[in-house]
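The values are calculated or read from the model by the stated rules, or taken from the named source; none is laboratory data. Predicted, not measured: the structure shown is a model, and the values here were computed from it. Here Cβ is always computed from backbone atoms with ideal geometry, including for glycine, and neighbour counts include all displayed protein chains.
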Amino acid sequence: MKIAEIGNIIEFKDGLKGIVEKVNENSVIVDLTYMDNYRDLDLERRTVVNHKNYTIVN
């Protein structure tokens, strides 16, 4: 499993995408405002995603 780096775009949880802002030992902190439909989804601005639960898009 490849661990994301700061600035990578990741996909997780049924198609949500975001930009990695911080890499922790077991997880990453992701900025969800990258998505065009962010406001429509009524989500928090950031979320934490375990390394096992995402794929690197770019």
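No other residue among ILE56, ILE19, ILE10 is in contact (Cβ under 8 Å) with a residue 40 or more places away in the chain and in contact with an Asp or Glu (Cβ under 9 Å, 6 or more places away or on another chain) apart from ILE56. Listed by position, the strands (runs of 3 or more DSSP E) contained in segment 1-46 that have at least 2 residues being over 12 Å from VAL57 (Cα atoms) and within 8 Å of the chain's Cα centre (by Cα) are 27-31. Quick one: would you say GLU25 is out of contact with any strand residue (DSSP E or B) (no Cβ under 9 Å at 6 or more places or on another chain), of a type outside the set (S, T, N, Q) and at pLDDT 95 or above? The answer is yes for GLU25.
Can we say THR55 is part of a helix (DSSP H, G or I) and surrounded by 10 or more Cβ atoms within 10 Å (Cβ to Cβ)? Here the answer is no, as THR55 does not meet what is asked.
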